[in-house]
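Enquirer: Got a structure for you, questions after.
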Amino acid sequence: MIIAVVLLISGHLIAQPAPDFTIEGHGDLYVLHNTDNTVRVIAARNNGNVLDTTLVQLPENLKFHYFAAAPDSGIDFEFQLHKRIKHSWRQEKPEKTLVVADLHGQLDAFVAFLKGNGVVNDNLEWVYGKNQLLILGDILDRGRNDNGIMWLVYKLEKEAEDAGGRLDFILGNHEDLVLRDDIRYVHEEHLIFAAKAGIPYADLYASHSELGRWIRDSYLILVVGDNLFVHAGLHPKITEKKYKIGEINELGWRFIGIPTEAKKELHRRNELLFGDSGPLWYRGLASDAERHSPLKSEDLDKVLEYYDAARIIVGHTEVDEVDWRYNGRVIAVNVRHYRNFGKHRTAGLLIEGDNYFTVNYTGDKVKLNK
C-alpha cells in the first residue's frame, strides 16, 4: 500500500508517494523540528540553489542523501533519522578503540581514516563490529564539509549500535562556539548558503534542529577502562573544586551553546568549567608554548587520582604527530588533518587491549613507546 506524504513546498501542498522518498543535500543539509510537529528541511541543491521543504508528516522510509561539497571527491552516503544513542560516561574497554580528534570539516581525510582502519566499507557502512570509534570534538568550523562529517557520525552511531559496537562523540569548543552563534571560524560557503536560505547560520544548529539536539546531548568527558577522554584537558583547579565527571557532563548538556556570560549567571559552577581551565579549552596537557604553561607532573597525578584514571587522551591543541606525553600519562591526538592527510603521517590513536598505536589514514600502525 502506498501512503501519500504531504509536502508544503513554497507555500503549495503537494502529495508525494512515501516509498523511497529521498532528500539530497550538497555540502549543506539541515533538519529542523517545528513547534507544530512539522519538519523543515533546508538543503543545498547540486545547482547551487536552496531546497526549503516542510514535511507535514514524516514517512517511515524517508532517507537523506548527503553529497560532499567538492563534486570531484566522490563522497556521498544515505542515512535516516534516529533517536540519539547515548552510552554511559564510564565504560568497559572493548577489544579496540579507535580515536580521532579535531576533524574540522576534512571529510575526505575522515573517510580515508575510517576506510584505512577498517571502520567502514566502500559504501561507508559500519564494519567495525563490536569495537569503538571515539571522536574528541571539533567536527564543526573551518572546513567546508563539517556538516557532512556530522551526518556521517550520526549515521554510523546507529549502525555501530546495531552491530553491538559503539560510536561516542565528545563535545569540543567549536561545537560550543557554533551553538552560541560565534561564527568567526565558519567556512564562508556555509554563510553564503544560510544567507540564500534566509536563516542565520547558528539557527541551522538550533536546539530544535536534528543535529543541534544531537550535539547538545553529548558528553564533555568519557572514561573507557582506565582512559579518560576529553577534548582539551583538565586543570587541577577542576579537581580542587571537586567537579565530578557526572556533574561536568550534566552541566555540559544543560548549558552548551548558551552565551558565555549567560552560562555564568545561570550556574555558579559554569565560570570555571567553561573557562580556560575547563575541558573545552585547557591546553596545559599538550602545549609546549610559553603562553600555555605545561601542567606540572605532580599536578597531573592529582587529576588522574581524583578521576581514577591511568591517563588522559586529549585533542584541541595541535601536535605534529600523535604522541605520548608525561611518560605515557597523556596522549595528544589533534594532528593537522589538512596537512597530514595524503602523507604518510599519523591521523589517530588505536587502543588494543593494553597496547597503544599511532595509525595513519591507510591503517598502518606503530606502537607508542613511553
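Enquirer: Sort the following peptides by mean Cβ neighbour count (other Cβ atoms within 10 Å, averaged over residues), highest first: 106-117, 76-87.
Expert: 106-117, 76-87
Enquirer: Then there is this: Which percent of the Cα-Cα distances in the chain go past 31 Å?
Expert: 34
Enquirer: Run lengths n ≥ 4 of DSSP H only: what is the helix-derived mean residue ellipticity at 222 nm for the chain, with -39500 (n - 2.57) per run over all residues, to the nearest 500?
Expert: The helix contribution divided over the chain gives -7000 deg cm²/dmol.
Enquirer: While we're here: Separation between the Glu247 and Ile192 pseudo-spin-labels, each 7 Å from Cα along Cα→Cβ, expressed in nm?
Expert: About 4.8 nm, to one decimal.
Enquirer: Sticking to Cα atoms, compute the Rg of the range 249-369 to one decimal and its Dmax as the biggest Cα-Cα distance, whole number, in Å.
Expert: Rg and Dmax of the range 249-369, Cα atoms, are 16.5, 48 Å.
Enquirer: Given points 7 Å out from each Cα along the Cα-Cβ axis, report the Arg336 to Ile85 separation in nanometres with one decimal.
Expert: Once both label points are built, they end up 3.5 nm from each other.
Enquirer: Taking a ≥ b ≥ c as the square roots of the Cα gyration tensor eigenvalues, with a/c under 1.5 meaning rounded and otherwise prolate when a/b beats b/c, else oblate, which class fits the range 85-167?
Expert: prolate
Enquirer: Can you tell me how much longer the chain between Asp122 and Leu266 gets when fully stretched, taken as 0.36 nm per residue apart minus their C-alpha distance, in nm with one decimal?
Expert: 47.2 nm
Enquirer: Another question about this same structure. In percent, what relative contact order does the chain have, based on Cα pairs under 8 Å that are 6 or more apart in sequence?
Expert: Computed over the chain, the figure is 15 percent.
Enquirer: Right, another one. Place a point 7 Å from Cα of Asp76 in the direction of its Cβ. Which residues in the range 125-139 have their backbone N less than 14 Å from it?
Expert: Under cut-off, by backbone N: nothing.
Only the coordinates and a few stated rules stand behind these numbers; no lab work does. The shown structure was predicted, so the numbers you read here are calculated from the model rather than taken from an experiment. FYI the Cβ positions are ideal-geometry reconstructions off the backbone, even for glycines, and counts take in every protein chain you see.
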